[in-house]
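Read-outs: derived from the displayed coordinates by stated rules, not from any lab. Every value quoted in this text rests on a predicted model; they were computed, and no experiment measured them. Note that each Cβ is placed from the backbone with ideal geometry, even for glycine, and that neighbours are counted across all protein chains shown.
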Amino acid sequence: MRVVRIDDREWRDDAVPGADELAATVGPGLIETMRARNGRIAHRRLHVARLAASVAACGYREAAGPGRVAAALDAVVASAGAGDLMVRLVAGRSGVLLVEAGPVAPLPTVPASATARVLPGLWDPRNVADAHKRTERAKWQAAEAVAGDADVVVAADARGRLGEGSRAAVFVMRDGAIHTAPVAGILPGIGRRVVIEMEGDVVERAPEPELWRTADEVFIVSAVRGVTAIVVLDAEPVGDGLPGPVTTRLAAAFRARVMAETSAGSAS
């Protein structure tokens with residue numbers, strides 16, 4: 001079931017207003033996108049903490065007080081049912097709070113594959129505004145328009161060092177070491193944090209072109225989609241063009257963590 005709640009008003013399935021109407025009602029704001037199952041949101045504390053940090057930095061306190069956010073999340077997840085859900089929260093600059101949930105495919109047992117294109121100059125590590133997840137996506141929409149048939153756009157700085165993907169953090173593995181960009185002008189992704197916690201030894205330094213062009217494996221991670229293998233990067237195969245063993249292992253570990261956090265006996 002699809003459920004949308006704006007402040008204290010709720011709609012279900014066919015009664016849900018259209019996307020344009022919802023966007024106009026809420027306006028620009030901060031966003032969190034989460035995965036839920038069995039009425040429980042995976043990595044909920046991490047999502048709420050990131051939202052709170054952005055609220056403090058951007059001044060959206062009226063829309064995103066912790067009690068109001070918790071009540072809205074609980075109400076929508078309960079209404080949407082026990083299956084796998086994507087949950088989206090928007091704290092509007094105007095003070096409006098939107099939470100919606102709808103069915104999403106379960107995380108796969110093996111990582112999905114994707115192609116990616118790198119766009120140098122799209123990432124500026126000095127841009128502190130990009131450390132907050134906002135509804136405004138003009139930069140990414142313009143990038144996706146020129147990315148051709150690639151599934152994912154990867155932002156790089158002027159030197160070609162990899163920053164983040166259009167909807168996910170980016171990791172590069174070569175010679176047994178995993179690299180990812182530091183949080184500077186990029187989103188502190190929840191999936192990124194979970195992978196670093198699980199793996200432990202990750203080099204937080206933006207991968208240089210000579211590193212990512214000769215990588216053994218490249219993968220992206222998001223809280224909703226989990227770990228996805230990048231098998232073609234800038235029209236060149238990564239490794240042997242198939243999901244590698246590290247990517248496969250981390251995808252399974254990420255899925256297991258989500259399953260554990262959303263199991264019937266887990267704490268919500």
(message) Suppose each label sits 7 Å from its Cα in the direction of the beta carbon; what would the D175-M198 distance come out to in nanometres?
(response) 2.6
(request) Please identify every one of the GluC sites (Glu not before Pro) in the stretch 5-50 that sits in a loop by DSSP and has no more than 12 other beta carbons within 10 Å of its own beta carbon. (result) none
(request) Between beta-carbons, use under 14 Å as the cut-off and find the net charge around D8, counting Lys and Arg +1, Asp and Glu -1. (result) 0
(request) Extending each Cα 7 Å along its Cβ direction at A105 and A129, get the distance between those two points in nm, one decimal. (result) 3.5
(message) Distance between the C-alpha centers of the stretch 141-173 and the stretch 174-235? Whole Å please.
(response) 12
(message) Between A145 and S263, what is the label-point separation in nm under the 7 Å Cα-to-beta-carbon projection?
(response) 4.8
(request) Go through the stretch 54-130 and name the trypsin sites (Lys or Arg not before Pro) that are in a DSSP coil and have 11 or fewer other Cβ atoms within 10 Å of their Cβ. (result) R126
